[in-house]
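The values are calculated or read from the model by the stated rules, or taken from the named source; none is laboratory data. Predicted model only: the values in this text are computed from it and were never measured. Cβ atoms come from the backbone with ideal geometry, glycine included; neighbour counts cover every protein chain shown.
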Amino acid sequence: MNKKLDKFFMISDRGSSVKTEIIGGLTTFFAMAYIVVTAPNQITGGVSGALWNAVYIASLLAAVVGTLLYAFYAKLPFAQACGVGLCPFFFVSFILPNMLDPIKGYQEGLLIVLIAGIVFLLLSVTGARKYIARSLPDCLKKSIPAGIGLFIALIGFANANIIVASPFTMVQLFDFHAAIDGLSFFDAWKAIAPVVLALLGLFLIAILEKKGIKSAIIVSILSVTVLYYLTTWTAPNFDFASVGQAFKDFGELGFLGAFKGFSVFSGGISAVVNAIVLIITFCLVDMFDTIGTLYGTAAQADMLDENGDPQNIDASMTADSIATASGSLLGTSTCTTFVESASGVAAGARTGLASVVTAICFALCLFLTPLALIVPACATAPALIYVGVLMLKGFSKVDMSDPTEAVPAFLTLVMMPLTYSISNGIAIGAIAYTVTAIATGRFKKRDLIVLAIGILFLIRFFTISV
């Protein structure tokens with residue numbers, strides 16, 4: 001191992017190796033590769049064309065910048081990209097109301113995100129974000145990773161169609177009988193292959209992990225990918241024709257487009273108030289998505305300090321805020337730390353070298369658009385589900401005999417997957433903790449932060465549609 005590389009990333013000090021970091025970085029990328037096309041689809045409403053191209057390039061560049069910040073500044077194995085929860089919110093808030101002139105709405109949204117990113121940065125460099133994170137009560141610190149685990153697992157189950165929507169029970173198990181009824185053997189297999197292969201991939205991870213094989217997750221991803229293409233007799237689709245046009249549209253629409261969005265403040269006092277509320281909302285959601293993810297992934301990596309807080313939390317918060325501001329200047333929505341980073345951590349990643357690998361993969365997608373799509377969702381789903389298994393273990397440390405601890409922790413745990421939002425889980429848990437602490441006389445001075453969090457989110461809930 002190169003001594004300078006080892007010293008800079010502290011690879012040996014953290015009990016890792018270059019091989020393990022590469023595997024971890026690749027695992028994280030494949031687990032979150034869906035964002036490559038999901039982000040532009042969600043931000044633009046799925047409408048193809050110049051706007052989609054601009055967001056596609058901008059989102060990849062933002063992911064590269066944000067992930068490299070983690071690699072070289074925070075030196076942690078985490079990755080950043082456009083937040084899944086905020087992309088559709090961006091579309092609904094800015095582009096949908098301006099469908100006659102979507103470019104105008106898009107650039108107004110970029111300005112709001114830029115201002116929010118600057119606020120993030122000020123909170124980070126002053127230590128306010130770290131103070132807020134460390135002020136969380138223990139019951140929330142312990143339940144946040146578990147809640148994120150359920151959230152990640154839900155994404156995995158849904159990606160592989162193991163769990164599907166139901167008009168009667170909201171969700172249900174994939175209906176094997178209905179899927180194969182009346183079909184030939186081969187067509188029936190193609191219909192159920194993603195579900196079956198995803199479950200086999202999960203079983204394979206469990207078996208390999210039990211045998212002590214650190215690369216279990218990446219082995220599962222590659223194995224399921226190969227099986228999927230071999231058994232369904234399909235091939236990945238490569239289309240390089242639009243790469244040049246995408247860069248052209250990015251340069252004309254996305255890059256520095258935020259500085260063309262000042263019209264968001266025109267229209268009187270109501271427009272200004274609405275813009276301020278949007279800035280606060282983007283701040284709150286990104287802040288607590290990041291805080292939640294940091295606690296969850298750091299706990300999984302055994303990278304918490306003696307107080308139960310993530311190591312290098314200052315650098316992590318700063319990296320996140322710079323990525324958000326940079327992303328808006330490039331032409332995309334809020335960047336945040338991705339919960340899928342936990343899959344790379346589960347594969348053994350412990351240093352920023354893994355983030356370098358992940359960033360390189362995102363950079364390659366700029367020129368090899370279909371690269372991320374080679375791996376089917378059913379191959380990455382087992383990794384997400386297994387990470388959910390691992391992250392649940394911390395919930396056992398919550399004092400379930402104390403209702404003032406148990407109820408906030410439980411609400412934090414279940415509301416993340418049920419509302420499809422990390423920040424909502426933290427918000428409802430904070431509100432529950434504050435109410436029970438005040439009512440039982442356990443409210444302390446440090447709990448003022450949790451009280452403020454609850455109040456801010458209550459304002460958001462009643463002023464902004466979710």
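Of the conditions (1) surrounded by 24 or more Cβ atoms within 10 Å (Cβ to Cβ); (2) in contact (Cβ under 8 Å) with a residue 40 or more places away in the chain, Leu5 clears all except one; give me its number.
Among (1) surrounded by 24 or more Cβ atoms within 10 Å (Cβ to Cβ); (2) in contact (Cβ under 8 Å) with a residue 40 or more places away in the chain, Leu5 violates only (1).
To keep it simple, each residue is scored yes or no on (1) surrounded by fewer than 20 Cβ atoms within 10 Å (Cβ to Cβ); (2) aromatic (Phe, Trp, Tyr); (3) farther than 25 Å from Pro382 by Cβ; (4) touching a helix residue (DSSP H, G or I) at 6+ places or on another chain (Cβ under 6 Å).
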position: Val119; (1), (2), (3), (4): yes, no, yes, yes
position: Gly127; (1), (2), (3), (4): yes, no, yes, no
position: Phe157; (1), (2), (3), (4): no, yes, no, no
position: Ala160; (1), (2), (3), (4): no, no, no, yes
position: Asp181; (1), (2), (3), (4): yes, no, yes, no
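Table: residues versus (1) touching a residue at least 60 places away in the same chain (Cβ under 8 Å); (2) under 20 Å from Thr336 (Cα atoms); (3) assigned to a helix (DSSP H, G or I); (4) among the small types (Gly, Ala, Ser).
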site: Leu392; (1), (2), (3), (4): yes, no, yes, no
site: Glu405; (1), (2), (3), (4): yes, no, yes, no
site: Ala409; (1), (2), (3), (4): yes, no, yes, yes
site: Met416; (1), (2), (3), (4): yes, yes, yes, no
site: Ala427; (1), (2), (3), (4): yes, yes, yes, yes
site: Tyr433; (1), (2), (3), (4): yes, no, yes, no
site: Ile449; (1), (2), (3), (4): yes, no, yes, no
site: Ile455; (1), (2), (3), (4): no, no, yes, no
site: Phe461; (1), (2), (3), (4): no, no, yes, no
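Which ones in segment 32-82 are over 17 Å from Asp320 (Cβ atoms) and β-branched (Val, Ile, Thr)?
Passing the criteria: Val36, Val37, Thr38, Ile43, Thr44, Val47, Val55, Ile57.
Would you check which residues across segment 260-275 are touching a residue at least 12 places away in the same chain (Cβ under 8 Å) and either in contact with a Cys (Cβ under 6 Å, 6 or more places away or on another chain) or outside any helix (DSSP H, G or I) (or both) and list them?
Passing the criteria: only Gly261.
Could you grab me the full set of residues in segment 410-420 that are farther than 15 Å from Gly394 by Cβ and surrounded by 22 or more Cβ atoms within 10 Å (Cβ to Cβ)?
Leu411, Met415
Looking at Gly66, Gly83, Gly117, Gly149 in this structure, which one is modelled with pLDDT of 90 or more and not polar (S, T, N, Q)?
Gly66
Going residue by residue through segment 32-47, is there one that turns out to be surrounded by fewer than 24 Cβ atoms within 10 Å (Cβ to Cβ), in contact with a Ser or Thr (Cβ under 6 Å, 6 or more places away or on another chain) and part of a helix (DSSP H, G or I)?
Looking for residues that are surrounded by fewer than 24 Cβ atoms within 10 Å (Cβ to Cβ), in contact with a Ser or Thr (Cβ under 6 Å, 6 or more places away or on another chain) and part of a helix (DSSP H, G or I), one finds none in segment 32-47, hence no.
Determine whether segment 333-344 contains at least one residue that is of a type in the set (A, V, I, L, M, F, W, C) and part of a helix (DSSP H, G or I).
Yes: one or more hits.
I'd like to check something: does segment 1-21 contain any residue that is within 19 Å of Gly251 (Cα to Cα) and of a type in the set (A, V, I, L, M, F, W, C)?
Among the residues of segment 1-21, not one is within 19 Å of Gly251 (Cα to Cα) and of a type in the set (A, V, I, L, M, F, W, C), which makes the answer no.
To keep it simple, each residue is scored yes or no on (1) without any contact (Cβ under 8 Å) to a residue 24 or more places away in the chain; (2) not small (Gly, Ala, Ser).
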{"position": "Ser143", "(1), (2)": "no, no"}
{"position": "Phe157", "(1), (2)": "no, yes"}
{"position": "Thr169", "(1), (2)": "yes, yes"}
{"position": "Phe174", "(1), (2)": "yes, yes"}
{"position": "Ala179", "(1), (2)": "yes, no"}
{"position": "Ser184", "(1), (2)": "yes, no"}
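Can you tell me which residue within segment 314-342, out of those that are among the β-branched types (Val, Ile, Thr) and surrounded by fewer than 24 Cβ atoms within 10 Å (Cβ to Cβ), is farthest from Ile428 (Cα to Cα)?
The qualifying residue farthest from Ile428 (Cα to Cα) is Ile322.
Can you name every residue in segment 437-460 that is closer than 28 Å to Ala153 by Cβ and either modelled with pLDDT of 85 or more or out of contact with any helix residue (DSSP H, G or I) (no Cβ under 8 Å at 6 or more places or on another chain) (or both)?
Of everything in segment 437-460, those that are closer than 28 Å to Ala153 by Cβ and either modelled with pLDDT of 85 or more or out of contact with any helix residue (DSSP H, G or I) (no Cβ under 8 Å at 6 or more places or on another chain) (or both) turn out to be Val450, Gly454.
Which residue is nearest to Ile279 (Cα to Cα), if the candidates are limited to segment 124-133 and must be assigned to a helix (DSSP H, G or I), touching a residue at least 12 places away in the same chain (Cβ under 8 Å) and over 21 Å from the mean Cα position of the chain (by Cα)?
Val125
Being surrounded by 24 or more Cβ atoms within 10 Å (Cβ to Cβ), touching a residue at least 12 places away in the same chain (Cβ under 8 Å), closer than 21 Å to Ala258 by Cα and out of contact with any Cys (no Cβ under 9 Å at 6 or more places or on another chain) narrows it down to one of Ala54, Ala74, Ala63, so name that one.
Ala54
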